[in-house]
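K.L.:
Take a look at the following structure, please.
The values are calculated or read from the model by the stated rules, or taken from the named source; none is laboratory data. None of the values given here were measured: they were computed from a predicted structure. Positions of Cβ are generated from backbone atoms using ideal geometry, with glycine treated the same way; all protein chains shown enter the neighbour counts.
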Amino acid sequence: MGDHAPVSGPVPWKRADHTGAKHDIYRRYLERWFPILLAGSNAYPSATYAEGFAGPGVYEGGEPGSPIIAIQALLDKVRDPIPVVKMIFVDDDLRCIDTLNKQLTLKFPTRPRSAETLRVKVKAGTCVERLEPELDAMQAWGQPILAVLDSWGNVPVTYRLLERLARNQSSEVIITLGTQSFIRFVSKLGPEADEVFGGDPSWRQINTMATGQAKRQHILTCYRQTLARAGFKYLLDFELIDTRGESLYLVFGTNHRRGLEKMKDSVWEVDRVYGVGFRDPRDEQAQTLFELIDPVLAPLARLLLNRLKTAPPSGMRVEELRNFALFETVYRPEHVIRTLADLRADGRISSDETRIFRRSMVRLAG
Ligand SMILES: C[S@@+](CC[C@H](N)C(=O)[O-])C[C@H]1O[C@@H](n2cnc3c(N)ncnc32)[C@H](O)[C@@H]1O
């Protein structure tokens, strides 16, 4: 499924462009996540990094896979003595398990931390069957868990696990979702596909939709709702698009505003060498944001105008729109005032003051 190696293809496989960008985001986020949880004044005694679809830890061209990136981020950012860090890597392909074990020895020939403070487990099996029992066995619950569920896009994960993670102390998920197989096989897929959406079959309404774009958006919306129902208060979802137009949809769920802000920072800082752009799944024109230094603000302008349509006649406070951008779009709060100033210069909105501040009120013009 998806744009990667077929299940029966070689291990390791060639790294797709958007995988490079995805790894860059993982690394940037983990370099923030580990120190916040483990090195700050409110450090937790332990935290767990869990992957349900770990892969072989290396790509055909020698690039590191996500398990290696995670361990390296920990070593680079949290110095000894560290609290206990547990890592669990599950994959159902024995070739991946074997290659990952070899990569771990190759990349970390001497144990970088004591066996007590860094516990790394590699387990063969499906995510559904192995991940939760391993988290139980490692006594991960009750302390923060970051679960990276990077399947080929079909997300074979139980809803129960998502709910359990959402309820667990300071826990977060990063999930990869592909829409192609859901769209292509909608009439063939059985209840296991509904389970991806928490048992809700609404995603099947794509059957009645005319365009690929509408179907894609519907699936993404359903998935976002699934994570919200599972209990994640804040979600950040976006598509990574490579130069060939292939896209990968990532969803991040957390219960902490700071987690959301840090993930958003990681996404906007992604290295441009990958030539990968972003798209906000809610932008009606599906415009790709390739230039991140000088971001394309047109999609945000459209989203803000839409939001203002439902505001009272007095308008909305800019601070509220900043929160809207943080919680409901791929944009950062810092992008909002600039965009509003442009919209005002174009006569699309009005405000009471000559400059736009966080406390200003803005409304649709006319
Ligand atoms: C996209 S790759 C993972 C890439 C890896 N996370 C990385 O970024 O380096 C997906 C992996 O999931 C494994 N896989 C597929 N279905 C699985 C399942 N049901 N349970 C566990 N692993 C599965 C495949 O063998 C493959 O290694």
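K.L.:
Please find, among LEU303, LEU260, the residue that is assigned to a helix (DSSP H, G or I), among the hydrophobic types (A, V, I, L, M, F, W, C) and more than 23 Å from LEU37 (Cβ to Cβ).
P.N.:
LEU303
K.L.:
Are any of the residues in the range 25-44 at pLDDT 95 or above, touching a helix residue (DSSP H, G or I) at 6+ places or on another chain (Cβ under 7 Å) and not assigned by TED's automatic domain parsing to the domain that holds LEU162?
P.N.:
No: zero hits.
K.L.:
Need the failing condition index for ILE175 against (1) closer than 20 Å to ARG216 by Cβ; (2) within 11 Å of the ligand (Cβ to nearest atom); (3) part of a strand (DSSP E or B), just the number.
P.N.:
Going through the list (1) closer than 20 Å to ARG216 by Cβ; (2) within 11 Å of the ligand (Cβ to nearest atom); (3) part of a strand (DSSP E or B), ILE175 breaks only (2).
K.L.:
Next question, about the same structure. Taking the stated definitions as given, is PHE34 touching a Leu at 6+ places or on another chain (Cβ under 8 Å), aromatic (Phe, Trp, Tyr) and in a helix (DSSP H, G or I)?
P.N.:
In short, yes.
K.L.:
If you check LEU94, LEU104, which single one turns out to be within 16 Å of the ligand (Cβ to nearest atom), within 19 Å of SER151 (Cβ to Cβ) and surrounded by fewer than 19 Cβ atoms within 10 Å (Cβ to Cβ)?
P.N.:
Testing whether each residue is within 16 Å of the ligand (Cβ to nearest atom), within 19 Å of SER151 (Cβ to Cβ) and surrounded by fewer than 19 Cβ atoms within 10 Å (Cβ to Cβ) leaves just LEU94.
K.L.:
For the range 91-125, which positions are in a strand (DSSP E or B) and either outside the structural domain of GLY57 (by TED's automatic domain parsing) or over 19 Å from GLY9 (Cα atoms) (or both)? Working first, answer last.
P.N.:
Quick first cut of the range 91-125, residues in a strand (DSSP E or B) only: 91, 118-124.
Result: LEU118, ARG119, VAL120, LYS121, VAL122, LYS123.
K.L.:
Give the range 51-79 a look and list any residue that's part of a strand (DSSP E or B) and touching a Leu at 6+ places or on another chain (Cβ under 6 Å), or say none.
P.N.:
Residues satisfying the conditions do not exist here.
K.L.:
Out of ALA21, ALA5, ALA16, ALA50, which single residue is at pLDDT 95 or above and either in contact with a Cys (Cβ under 6 Å, 6 or more places away or on another chain) or within 16 Å of the ligand (Cβ to nearest atom) (or both)?
P.N.:
Values: ALA21 fails: at pLDDT 95 or above; ALA5 fails: at pLDDT 95 or above; ALA16 fails: at pLDDT 95 or above.
After ruling out the rest, the residue left standing is ALA50.
K.L.:
Please go through the range 156-172 and pick out each residue that is within 16 Å of the ligand (Cβ to nearest atom), surrounded by 18 or more Cβ atoms within 10 Å (Cβ to Cβ) and free of Cβ contacts under 8 Å to residues at least 60 places away in the same chain.
P.N.:
LEU161
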